[in-house]
Amino acid sequence: MRFPAALLVAVSAAVALGLGAAFGCGGVSAIPAALALAGGAIAGTFAFRQMAARADRAARAPHPLEWLMIGIFAFVSLRAFLWLIYVKNGAFHILSPNNLGDLPLHMDFIRYLASGVHFWPDSPIFAGEPLKYPIGVDFFNGLLLDAGLPVERGLLWTGLAGSALTAVALWRWGRGFALAAFLFGGGLAGFALFRDLPALAHGALPDFQAGAEWKNPFLAIFVTQRGLLYALPAGLFLLDHWRARYLRGERGLLPGWAALLLYATLPLYNVHAFLYLSVALAGMFAFAKDSAARWRSARFAGLALLPAAGCAALVTGGFSAGGGVHWELGWMQPKNEDVVAAAWFWLSNFGLYLALWAALAIHAIFRGPRETRAVVLPASLIFLACGFVSFAPWPWDNTKLMLWSWLAVAPCLWNECLRPLRQSARAGVCFVLFFTGTISLTAGLDGRHDYSMSDLPLIRNTVPALKNINPEARFACAPEYWHPLIILGRKIAMGYDGHLWSHGITYQGKHRAEVEAFQNLMMGGPGWQDDARKLGVDYIYWGPPERERYRQSLKPWIGTLPIAEAGRDFAIYALPPR
């Protein structure tokens, strides 16, 4: 357990040092990146040696079924991340359809952050906005890129490493049951298999959970949300450390400074994780073993307050990215449903797991052990809040919080609800709990999944054309998620609408004028050069994506503006210097 925890400390320290170098040097380059990675390695080694001197609790050897869970986790991780991105038939392909839009954006951030742009950087996908995104994992990949590791290979290795760290952290938090809850989380949708069994005899296994609002956590959340590759194992190690230190009176695995580093920098990787961990820490304080433990938890929170607030301010544009938080009664539940239909919505999505959880929460309030109260009640509070408030523009993003609650209660569900049962009854309950998720995981990773993401020849032809163009320059181009300028980490005036919307940048209200100016520019309407200046555009990229999207454009820049660079099937036009 010491090595995975030390590796998380090393990553956190490297990112913190890299950000410090970026602010101090005006950007990141090869030498600051190498120094930051070396500093992270030193911090991780120091943490490892300190953990060696700390008494760690002995754990019993895994049960054969738990070994099975570990083996399945390893297999699905290899399948998901070795095929995260690959080349086929002259194009980048991916395995997960949920990554079609997300992965190009992460490739954009990685290359953009590693290109030497000034910090804190502008948004690379919208003119005039600061970057408002938890960049931690992408920034770490940027450090690796500056140190010589290509982006595509870095995505693969960080995915595999994050999976391994998550498996270890889940094991430490809740052993095999926590691994199963993560891999096979689901409700009742999968039982439709028995109804449709005759029709499926000669067909492929469907993912019945794909149409549900609560989807398989591993496929729908972990594989697509790169910040969780770090935040999930780091947060679980923190929960385990706090449980040992504040609830059980033990020393805990992590040195104090390492725990503080992991917690205080967590907003850089995933704001939802930091929010959940903060509520969980309040639960540890409320139900601490004694007054001394309560004082230690309060002191820890106090020491983390300022650095955590600073990290949160960085990734939210000075706390200006909260406009997506709004009242959303019922989460994703259809509107105007009666009580029975509403109850079925929650039961069909979350199944027996939610029913056992609700019973456990009620028991914890009145008669539950102190440790169960400390863990289950904050988790239940967060889960309930997600049923009334949307913490992002898209309500489905609440799953990033709900996942934490789902996993946090896993060891308590096992110890309080399942372990006392007879073995046959326990097996039956686990079958009902995890059948749907098992079907979903199997169907979601089979050979049918192969999706073309972007045109590789166009990307390769664009690379040499960008070598002599300042990385701070902003381009006007078609707002496609697969555009070569996005893949190659360049700033564009307006990106893919799905990216903008998820970042709280909408086409109405505050940003309507920019959207109209961009549209007029790309269509070559009256005053297009003035619109280009308003948007801070330095170059116009005109190639296959633009010709397809803007077929009616007048293209007045052709013959008017000089061609800065050109390649097969595209040209880059330079606007007058601003």
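Somewhere in segment 420-435, is a residue of a type in the set (A, V, I, L, M), crowded, with 18+ Cβ neighbours inside 10 Å and not assigned by TED's automatic domain parsing to the domain that holds residue 357?
Filtering segment 420-435 for residues of a type in the set (A, V, I, L, M) gives 421, 425, 427, 429, 432-433.
Still in the running and crowded, with 18+ Cβ neighbours inside 10 Å: 433.
Add one more test, that the residue is not assigned by TED's automatic domain parsing to the domain that holds residue 357, and what stays is none.
Checked against the condition, which is being of a type in the set (A, V, I, L, M), crowded, with 18+ Cβ neighbours inside 10 Å and not assigned by TED's automatic domain parsing to the domain that holds residue 357, segment 420-435 yields no hits at all.
Just name the residue that is nearest to residue 401 (Cα to Cα) out of those in segment 203-242 that are acidic (Asp, Glu) and surrounded by fewer than 24 Cβ atoms within 10 Å (Cβ to Cβ).
Filtering segment 203-242 down to residues acidic (Asp, Glu) leaves 207, 213, 240.
From the residues that got through so far, the ones that are surrounded by fewer than 24 Cβ atoms within 10 Å (Cβ to Cβ) too are 213, 240.
Numbers: 213: 14, 240: 18 Å.
Among residues in segment 203-242 that are acidic (Asp, Glu) and surrounded by fewer than 24 Cβ atoms within 10 Å (Cβ to Cβ), the one nearest to residue 401 (Cα to Cα) is 213.
Only one residue in 175, 245, 251 is surrounded by fewer than 21 Cβ atoms within 10 Å (Cβ to Cβ), among the charged types (D, E, K, R) and either at positive phi or in a helix (DSSP H, G or I) (or both), so which one is that? Step through it out loud before you land on a result.
Values: 245 fails: surrounded by fewer than 21 Cβ atoms within 10 Å (Cβ to Cβ); 251 fails: either at positive phi or in a helix (DSSP H, G or I) (or both).
When all the criteria are applied, what remains is 175.
Does segment 121-130 contain at least one residue that is buried (at least 23 other Cβ atoms within 10 Å of the Cβ), within 22 Å of residue 36 (Cβ to Cβ) and in contact (Cβ under 8 Å) with a residue 24 or more places away in the chain?
yes
Hey, can you tell me all the residues within segment 272-320 that are more than 26 Å from the chain's Cα centre (by Cα) and free of Cβ contacts under 8 Å to residues at least 12 places away in the same chain?
291, 292, 295, 299, 302, listed by residue number.
Residues 192, 259: which one is assigned by TED's automatic domain parsing to the domain that holds residue 381, modelled with pLDDT of 95 or more and either surrounded by fewer than 24 Cβ atoms within 10 Å (Cβ to Cβ) or of a type in the set (A, V, I, L, M, F, W, C) (or both)? Walk me through it before giving the result.
Details: 192 fails: modelled with pLDDT of 95 or more.
From the options 192, 259, the qualifying one is 259.
Which of the following residues is under 30 Å from residue 27 (Cβ atoms), in contact with a strand residue (DSSP E or B) (Cβ under 7 Å, 6 or more places away or on another chain) and in a helix (DSSP H, G or I): 160, 103, 155, 144?
On the way: 160 fails: in contact with a strand residue (DSSP E or B) (Cβ under 7 Å, 6 or more places away or on another chain); 155 fails: in contact with a strand residue (DSSP E or B) (Cβ under 7 Å, 6 or more places away or on another chain); 144 fails: in contact with a strand residue (DSSP E or B) (Cβ under 7 Å, 6 or more places away or on another chain).
Matching residue, one of 160, 103, 155, 144: 103.
Restricting to segment 31-90, count the residues that are assigned to a loop (DSSP other than H, G, I, E, B) and among the acidic types (Asp, Glu). Talk me through it step by step, then tell me what you get.
Initially, segment 31-90 is screened for residues assigned to a loop (DSSP other than H, G, I, E, B), giving 53-63, 83-85, 89-90.
With the extra rule that they be among the acidic types (Asp, Glu), the set shrinks to 56.
Here the count works out to 1.
Do the conditions hold for residue 87, that is, is it more than 27 Å from residue 258 (Cα to Cα), under 26 Å from the mean Cα position of the chain (by Cα) and at pLDDT below 95?
On the way: more than 27 Å from residue 258 (Cα to Cα): yes; under 26 Å from the mean Cα position of the chain (by Cα): yes; at pLDDT below 95: yes.
Against the criterion (more than 27 Å from residue 258 (Cα to Cα), under 26 Å from the mean Cα position of the chain (by Cα) and at pLDDT below 95), residue 87 qualifies.
Out of (1) in a helix (DSSP H, G or I); (2) crowded, with 17+ Cβ neighbours inside 10 Å; (3) at pLDDT below 95, the odd one out for residue 108 is which?
(3)
For the subset of segment 265-285 comprising residues that are polar (S, T, N, Q) and under 18 Å from residue 8 (Cβ atoms), which member is surrounded by the most Cβ atoms within 10 Å (Cβ to Cβ)?
Going residue by residue through segment 265-285, those that are polar (S, T, N, Q) are 265, 270, 278.
If we keep only those that are under 18 Å from residue 8 (Cβ atoms) too, we end up with 265, 270.
Values: 265: 24, 270: 27.
Across segment 265-285, the extreme among qualifying residues is 270.
The values are calculated or read from the model by the stated rules, or taken from the named source; none is laboratory data. All of these numbers come straight from a predicted model, not from anything done at the bench. Cβ atoms come from the backbone with ideal geometry, glycine included; neighbour counts cover every protein chain shown.
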